[in-house]
Amino acid sequence: MVSVTNTRADNYYNEKKDVLLILEKIYDPEIPVLTITEMGIVRDIRFHSDNSLEIVITPTYSGCPAMDVITFQIREALISAGYSDVKITQQLSPAWTTDEISESGKQKLKAYGIAPPDRRFSPPADGVECPLCHSANTKLISEFGSTACKALFQCLDCKEPFDYFKCH
Amino acid sequence: MNDYLLHLADTSLILSHRNSEWCGHGPVLEQDIAITNIALDLLGQARYFYQYAARLTGNTDEDKLAFLRHEREFKNLLITELPKGDWAHTVLRQYLFSQFQFFQFEKLQHHSDKELAAIAAKSLKETAYHLRWSREWVIRLGDGTEESHRRMLAALDTLWPYTHEMFRPADYELACEVNVAELEQPWKEAMAYVFQEANLPIPQHTWFQYGGKTGYHTEYLGYILAEMQYMQRAYPGATW
Ligand SMILES: [Zn+2]
């Protein structure tokens with residue numbers, strides 16, 4: 001009996017892992033270097049007894065238009081992988097925070113030219129490290145940037161403008 | 001509960017619409033982006049509330065609630081439907097409202113209805129940004145040049161009579177055990193501090209306008225709805 005239960009548990013675990021592998025290949029449409037799993041958007045993967053698959057996601061910013069695109073991308077990826085009955089649900093609580101972005105995600109952001117969220121600069125303030133030349137001699141231009149999640153900075157040393165992913 | 005959710009949704013939607021009118025017209029690019037980001041956050045809030053209301057009542061959805069209800073069915077605060085006016089009007093309205101909304105969501109995040117509490121907790125984080133941004137603008141313009149100060153006084157004169165509606169509870173708020181009246185004191189204290197920094201007087205009028213919460217609107221709402229609802233009414237069920 002024990003072995004049967006274990007096998008079931010293993011299967012369940014493996015199936016989840018299969019789904020996760022698919023989700024790990026979906027990129028955030030507005031920050032195309034980060035996957036949705038690195039962003040911390042995926043909260044749960046659930047198999048239901050009616051053979052449907054439920055993906056629970058959490059929104060980053062309330063009005064973020066990327067969420068609709070992400071929902072569509074998840075459905076598309078899972079259906080082409082053979083999951084016919086896919087349901088995507090939103091979970092608001094607990095509210096998403098930038099702490100859910102993985103460490104590798106933060107490094108990728110930096111390499112892409114976006115300063116990663118840093119609790120020392122919440123609210124955004126002068127001094128966020130420039131992702132290009134690593135100078136801390138930087139100036140906040142605007143708390144609102146090209147998308148809801150970013151603030152606009154300028155580096156006073158290399159003179160380049162850059163985005164800072166705000167703590168949220 | 002349904003009426004209360006619609007009140008919250010309508011308020012966010014209409015203010016979002018007003019702020020979005022600045023898109024492409026902001027005084028400088030960064031501020032154009034800021035006000036449209038705020039519009040987007042408010043639209044996101046409105047969607048949460050409409051979606052929840054639709055789930056509770058069934059047989060409807062967020063789009064029907066936003067696009068197919070009549071003026072008298074809208075329950076938004078009157079202050080949100082007033083024209084965007086000049087930049088002084090826009091930032092002052094945003095401040096007066098965000099200061100209220102901040103306290104409102106702070107309370108609501110502990111509401112016994114878990115879904116409502118979750119929406120409030122989520123939205124509160126964004127409202128904190130709106131509040132900080134608009135507060136800075138009120139101080140900058142109030143304590144700025146003679147011209148900017150004059151415009152802030154004019155904006156204050158227009159908007160002030162619409163502020164007290166926020167704190168006078170509608171029946172549906174009381175039914176949901178939401179006491180907006182108790183937010184008035186903290187709101188006044190916070191505002192007094194900002195107005196002192198901004199070198200603005202606290203108006204002493206005692207006459208206030210009410211009605212939005214129960215569907216009695218200014219002449220402005222009809223025009224907003226005409227613009228917003230035109231597509232769905234002319235081409236029912238049209239989608240992208
Ligand atoms: Zn630099």
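The values are calculated or read from the model by the stated rules, or taken from the named source; none is laboratory data. Source: prediction; values computed, not measured. Here the Cβ positions follow ideal geometry from the backbone for every residue, glycine too, while neighbour counts run over all protein chains shown. SASA here: full protein model, heavy atoms, side chains in, ligands and nucleic acids out. Shrake-Rupley method; radii C 1.70, N 1.55, O 1.52, S 1.80 Å.
Test A:ASP44 against the criterion of being away from chain B (no Cβ under 14 Å), within 16 Å of the ligand (Cβ to nearest atom) and open to solvent by 10 Å² or more (accessible area, probe 1.4 Å), and give yes or no. Even if it seems obvious, please write down each step before you answer.
Working: away from chain B (no Cβ under 14 Å): yes; within 16 Å of the ligand (Cβ to nearest atom): no; open to solvent by 10 Å² or more (accessible area, probe 1.4 Å): yes.
No: the conditions fail for A:ASP44.
Of the residues that make up region B:40-62, is at least one among the β-branched types (Val, Ile, Thr) and touching a residue at least 60 places away in the same chain (Cβ under 8 Å)? Spell out how you get there, then give the answer.
Taking region B:40-62 first, the residues among the β-branched types (Val, Ile, Thr) are B:57, B:60.
Checking which are touching a residue at least 60 places away in the same chain (Cβ under 8 Å) leaves us with none.
No, that holds for no residue.
Quick check on my filter: what residues within region A:20-52 are in contact (Cβ under 8 Å) with a residue 12 or more places away in the chain, in a helix (DSSP H, G or I) and of a type outside the set (Ser, Thr, Tyr)?
Answer for region A:20-52, where residues must be in contact (Cβ under 8 Å) with a residue 12 or more places away in the chain, in a helix (DSSP H, G or I) and of a type outside the set (Ser, Thr, Tyr): A:LEU20, A:ILE22, A:LEU23, A:ILE36, A:GLU38, A:MET39.
When the residues of region A:133-149 are narrowed to those that are at pLDDT below 90 and either within 20 Å of the chain's Cα centre (by Cα) or not in a loop (DSSP other than H, G, I, E, B) (or both), which ends up farthest from the other protein chains (Cβ to nearest Cβ)? Before you say what the answer is, go through the steps one by one.
Going residue by residue through region A:133-149, those that are at pLDDT below 90 are A:142-149.
Checking which are either within 20 Å of the chain's Cα centre (by Cα) or not in a loop (DSSP other than H, G, I, E, B) (or both) leaves us with A:142, A:144-149.
Numbers: A:SER142: 4, A:PHE144: 4, A:GLY145: 7, A:SER146: 7, A:THR147: 8, A:ALA148: 5, A:CYS149: 10 Å.
Out of the qualifying residues, it is A:CYS149.
Right, A:GLY127: touching a residue at least 24 places away in the same chain (Cβ under 8 Å) and at positive phi or not?
Values: touching a residue at least 24 places away in the same chain (Cβ under 8 Å): no; at positive phi: yes.
It is false that A:GLY127 is touching a residue at least 24 places away in the same chain (Cβ under 8 Å) and at positive phi.
A:VAL128 fails exactly one of the following numbered conditions: (1) modelled with pLDDT under 95; (2) within 16 Å of the ligand (Cβ to nearest atom); (3) not in a strand (DSSP E or B). What is the number of that condition?
All conditions pass for A:VAL128, except number (1).
May I ask you to say which residue of B:GLN94, B:GLN45, B:GLN31 is within 14 Å of another protein chain (Cβ to nearest Cβ), modelled with pLDDT of 95 or more and closer than 29 Å to B:GLY144 by Cα?
On the way: B:GLN45 fails: closer than 29 Å to B:GLY144 by Cα; B:GLN31 fails: modelled with pLDDT of 95 or more.
Just a single option satisfies the conditions, and that option is B:GLN94.
Does A:ILE55 meet the test of being assigned to a helix (DSSP H, G or I) and open to solvent by less than 10 Å² (accessible area, probe 1.4 Å)?
Working: assigned to a helix (DSSP H, G or I): no; open to solvent by less than 10 Å² (accessible area, probe 1.4 Å): yes.
So A:ILE55 does not fit the description; no.
Have a look at A:ILE57, A:ILE22 and point out the one that is at pLDDT 95 or above and over 22 Å from B:ALA118 (Cα atoms). Spell out how you get there, then give the answer.
Working: A:ILE57 fails: over 22 Å from B:ALA118 (Cα atoms).
Testing whether each residue is at pLDDT 95 or above and over 22 Å from B:ALA118 (Cα atoms) leaves just A:ILE22.
Exactly one condition in (1) without any contact (Cβ under 8 Å) to a residue 40 or more places away in the chain; (2) more than 12 Å from chain B (Cβ to nearest Cβ); (3) open to solvent by 30 Å² or more (accessible area, probe 1.4 Å); (4) away from the ligand (no atom under 16 Å from the Cβ) is not met by A:VAL86; state its number.
Of everything listed in (1) without any contact (Cβ under 8 Å) to a residue 40 or more places away in the chain; (2) more than 12 Å from chain B (Cβ to nearest Cβ); (3) open to solvent by 30 Å² or more (accessible area, probe 1.4 Å); (4) away from the ligand (no atom under 16 Å from the Cβ), A:VAL86 misses just condition (3).
Can you pull out every residue in region B:94-118 that is open to solvent by less than 50 Å² (accessible area, probe 1.4 Å) and over 16 Å from B:ALA190 (Cβ atoms)?
Our first condition is that a residue be open to solvent by less than 50 Å² (accessible area, probe 1.4 Å); within region B:94-118, this holds for B:94-105, B:108, B:111, B:113, B:116-118.
Within region B:94-118, B:LEU108, B:HIS111, B:ASP113, B:LEU116, B:ALA117, B:ALA118 qualify.
Considering each of B:ALA39, B:ALA34 in turn, give the residue that is crowded, with 22+ Cβ neighbours inside 10 Å, of a type in the set (A, V, I, L, M, F, W, C) and either out of contact with any helix residue (DSSP H, G or I) (no Cβ under 6 Å at 6 or more places or on another chain) or in a helix (DSSP H, G or I) (or both). Steps first, answer last, please.
Details: B:ALA39 fails: crowded, with 22+ Cβ neighbours inside 10 Å.
The conditions single out B:ALA34.
Can you report the number of residues in region B:101-145 which are within 11 Å of chain A (Cβ to nearest Cβ) and farther than 18 Å from A:TYR61 by Cβ?
5
Tell me whether region A:106-122 contains one or more residues that are at pLDDT 95 or above, charged (D, E, K, R) and assigned to a loop (DSSP other than H, G, I, E, B).
no
Would you mind telling me which numbered condition in (1) within 14 Å of chain B (Cβ to nearest Cβ); (2) over 25 Å from A:ILE57 (Cβ atoms); (3) of a type outside the set (Phe, Trp, Tyr) A:LYS166 fails?
(2)
Search region A:137-168 for residues being under 14 Å from A:GLU30 (Cα atoms) and surrounded by fewer than 20 Cβ atoms within 10 Å (Cβ to Cβ), and hand back the single one that is nearest to the ligand (Cβ to nearest atom).
Per the criteria, the residue is A:SER146.
Only one of A:THR89, A:THR71, A:THR98, A:THR60 is among the hydroxyl-bearing types (Ser, Thr, Tyr) and in contact with a Phe, Trp or Tyr (Cβ under 6 Å, 6 or more places away or on another chain). Can you tell me which?
On the way: A:THR89 fails: in contact with a Phe, Trp or Tyr (Cβ under 6 Å, 6 or more places away or on another chain); A:THR71 fails: in contact with a Phe, Trp or Tyr (Cβ under 6 Å, 6 or more places away or on another chain); A:THR98 fails: in contact with a Phe, Trp or Tyr (Cβ under 6 Å, 6 or more places away or on another chain).
Result of the check over A:THR89, A:THR71, A:THR98, A:THR60: A:THR60.
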